[in-house]
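Shown next, in structure tokens, is the structure this report addresses.
The values are calculated or read from the model by the stated rules, or taken from the named source; none is laboratory data. Treat the numbers as computed from the prediction; the structure is a model and nothing was measured. Don't worry about glycine lacking a Cβ; one is built from the backbone with ideal geometry, like all the others, and counts go over all protein chains shown.
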Amino acid sequence: MAELNTGDGGGKKGDGKVRSKKGNSKVDLTAMVDLAFLLITFFMLTTSLSKPQSMDLGMPDKDPDPTKNTTIDVADNRSMTILLGDNDQVKWYMGQFATPLEGPEQVVYGKEGIRKELLSKMTSVPQVTGDPKKGLIVIIKPSKKSTYKNLVDILDEMAICKVPTYAIVDITKEEVDLLEKPE
Amino acid sequence: MAKVKTQKKAAAIDMTAMCDVAFLLLTFFILTATAKQPEPLPVDTPSSTVQTKLPESDLATLTVGKGKVFFGVTGKEVRVRTLELMGVKYGVAFSPEERQKFSLIDGFGVPMANLKQVIAMTSTERNQKDLQPGIPKDSLDNQLKEWIYNARIATKEIAGKELKVAIKGDAKQEYPEIKKVMDILQDQQINQFNLVTGLRGKDF
């Protein structure tokens with residue numbers, strides 16, 4: 001469609017009849033517009049999607065004096081401890097480590113594993129305590145071998161299950177032993 | 001009347017105006033799009049379903065990967081001011097050219113002693129793999145703490161706001177390193193920070 005007239009057909013002087021080629025003034029812009037819109041779409045999508053996502057994390061105030069060990073007492077039937085081990089290992093138990101009310105049980109990450117437990121605890125805990133405000137408290141204890149991905153995954157589960165209270169706490173020696181113990 | 005029969009079927013629509021608009025928009029989007037800067041420490045962030053966007057200004061990003069920590073802060077003035085404060089602290093004087101060059105660096109990971117060399121490099125040289133060793137963060141020589149501290153002062157002075165901190169960790173990074181960085185932040189009473197994550201589908 002887009003044609004360029006090159007040459008005048010010899011340009012013979014005096015012969016008026018040869019000058020019959022009209023300059024084709026219209027260039028077909030379809031392909032150009034197609035390309036332009038394709039690029040527009042690309043830039044529109046990339047500008048809004050490239051903004052990185054982030055996850056808010058609030059940590060409790062650190063006590064500058066480590067000798068003043070302030071422990072917060074939590075009702076056993078509300079606290080669930082999740083231990084993160086190496087090779088994407090997860091174990092959880094309810095209550096205290098020495099006298100767990102449930103577990104320790106090994107689960108996997110994701111929909112079929114830890115989320116099921118979390119969701120069932122989310123409904124059962126307020127029933128046990130008898131107060132809807134006294135919901136589940138999750139204590140996350142990542143071990144030295146766990147990765148950053150494990151931590152983000154667990155925090156993500158907290159967000160998905162809408163756990164009202166959760167905290168990241170240092171793991172104890174006994175719990176490391178539990179993680180390393182084969183099933 | 002025979003004269004009325006002027007309706008001819010248009011074989012081609014005039015696309016000039018459409019083309020104009022398309023290119024105008026295209027130019028706009030190209031100019032507003034920010035080109036992705038090469039990173040000195042590429043990390044693979046884990047994904048999450050949470051969809052909070054990262055703040056764009058007054059943000060310090062701590063990139064943690066392969067046991068190294070890189071530091072970066074947004075805003076040119078803040079960067080220059082942070083560099084000045086760090087220079088005073090460690091007794092290194094930076095020339096105006098070096099400050100200017102530093103204000104264009106998004107993230108770096110070298111001890112103060114080597115910072116001048118890194119500033120002198122070109123962007124390609126700087127972003128070579130394994131060139132920068134990371135910022136020291138031991139208890140003996142905790143430069144990371146100083147960087148964060150001075151960046152906070154600089155942000156407060158220039159923007160009048162509190163600096164926000166984002167941690168951008170590699171998915172395979174082991175927890176103790178992240179914990180160390182979090183501890184450094186918590187020692188300065190920064191208890192609220194953002195974890196940079198990728199996007200994951202809802203039905204994960």
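Annotations
- Residue check, B:Ala171 within 12 Å of B:Ala60 (Cα to Cα), buried (at least 16 other Cβ atoms within 10 Å of the Cβ) and either over 18 Å from the mean Cα position of the chain (by Cα) or at the interface with chain A (Cβ under 7 Å from one of its Cβ atoms) (or both): no
- Answer residue from the range A:134-153, given it is away from chain B (no Cβ under 12 Å) and in contact with a helix residue (DSSP H, G or I) (Cβ under 8 Å, 6 or more places away or on another chain) and is surrounded by the fewest Cβ atoms within 10 Å (Cβ to Cβ) among those: A:Lys134
- Only residues that are of a type in the set (Asp, Glu) and modelled with pLDDT under 75 were counted across the range A:14-38, and they come to 1.
- Evaluating B:Ala166 against the criteria (1) at the interface with another protein chain (Cβ under 8 Å from one of its Cβ atoms); (2) farther than 19 Å from B:Arg79 by Cα; (3) not aromatic (Phe, Trp, Tyr) leaves one unmet condition, (2).
- Of the criteria (1) more than 27 Å from B:Lys66 (Cβ to Cβ); (2) crowded, with 20+ Cβ neighbours inside 10 Å; (3) within 13 Å of chain B (Cβ to nearest Cβ), which one A:Asp156 fails: (1)
- Every listed requirement among (1) surrounded by fewer than 20 Cβ atoms within 10 Å (Cβ to Cβ); (2) free of Cβ contacts under 8 Å to residues at least 40 places away in the same chain; (3) farther than 30 Å from A:Asp156 by Cα is met by B:Lys89 save one, (2).
- B:Lys129 vs. criteria in contact with a Phe, Trp or Tyr (Cβ under 8 Å, 6 or more places away or on another chain), more than 19 Å from B:Glu77 (Cβ to Cβ) and either assigned to a helix (DSSP H, G or I) or without any contact (Cβ under 8 Å) to a residue 12 or more places away in the chain (or both): no
- Test: residue in the range A:123-132 that is under 29 Å from B:Leu195 (Cα atoms), out of contact with any strand residue (DSSP E or B) (no Cβ under 9 Å at 6 or more places or on another chain) and within 13 Å of chain B (Cβ to nearest Cβ): no
- Consider the range B:44-63 and keep the residues that are surrounded by 20 or more Cβ atoms within 10 Å (Cβ to Cβ) and small (Gly, Ala, Ser). The one that is modelled with the lowest pLDDT is B:Ser48.
- Output for the range A:133-183, where each listed residue is farther than 20 Å from A:Ser54 by Cα, assigned to a loop (DSSP other than H, G, I, E, B) and touching a residue at least 40 places away in the same chain (Cβ under 8 Å): A:Lys134, A:Gly135, A:Leu136, A:Ser143, A:Lys145, A:Ser146, A:Ile171, A:Thr172, A:Glu183
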